[in-house]
Amino acid sequence: MIQGLKVILSLSGCSIKAISAVEQKIKFVNRTERSGRVCRKLWLLRHNLSMAISCVKCGRQYDVTLFQFGRTINCACGERVGFEHKINLSKDEETKFFADVNVARVVRWLRAIGIDTTWEDAISDEDLVRRAIEENRFVLTLDKKLTEEWRVDNVLLLQSENSLEQFQEIVEHFKIKKPKEFFTRCLVCNTFLRNATALEIAAGAPQRVRENEQVFHFCSNCAKLYWQGSHTRRMQEAIEKAFNSIHK
Ligand SMILES: [Zn+2]
Ligand SMILES: [Zn+2]
């Protein structure tokens, strides 16, 4: 029985440590069940320990290995079969995102307010979902098909084609607060920025900028130098506007 549970847990992306913790709890629950204090989640797990997943409509059974990382399949009766993968963020864990290639332009807006957001060109849906689950990231997409094929609770299906409106949808959905400081993260590669050294400023900024600007930040991953130019000012204005229209 515990063996079956271990398979289900590992297929849904749980770590070995988490699995053995649940295993210990199950043993404990088995001993203390009569006391009536059985965690609902464990109770549900204990009653779903079979190696097959049934179609709710026709009852046909499918092997659990078909549903790795929240994948769903089409049953012969037309119903979609699957079981949902849940991601559990710890209390102080920040919301992180994995953007589908169809919403890649929203990435820089999120990075501009310091949110850890990644994306990859030419990644399959399967790899995208697996990576997002492994890294505890929420998936952002415009692709309805992805949300039908993968039954995972960490996908936000965006509506707008416009990246700033998408940004607004995300901020609204996840109740993201406006940051105190903007541009703390590299817009190109997602790395946290640090203060630039004099040498880096001399090498990366034209003289006119060096004379007019005081604050320079540097990405030590991709060697990009940042300062508050008209471009970042425009971006920040657009972001402020987006936040203001949400909280009205
Ligand atoms: Zn069916
Ligand atoms: Zn960078």
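The values are calculated or read from the model by the stated rules, or taken from the named source; none is laboratory data. Here the structure is a predicted model, which is why all the values come from computation and not from measurement. For neighbour counting, all protein chains shown are included, and Cβ atoms are generated from backbone atoms with ideal geometry for every residue, glycine included.
Couple of notes before you dig in:
- Condition check for Arg185: in contact with a Gly (Cβ under 8 Å, 6 or more places away or on another chain), closer than 30 Å to Gly70 by Cβ and not assigned by TED's automatic domain parsing to the domain that holds Val106: yes
- Among the residues making up the stretch 74-96, those that are assigned to a strand (DSSP E or B) and either in contact (Cβ under 8 Å) with a residue 60 or more places away in the chain or closer than 20 Å to Ala132 by Cβ (or both) are Arg80, His85.
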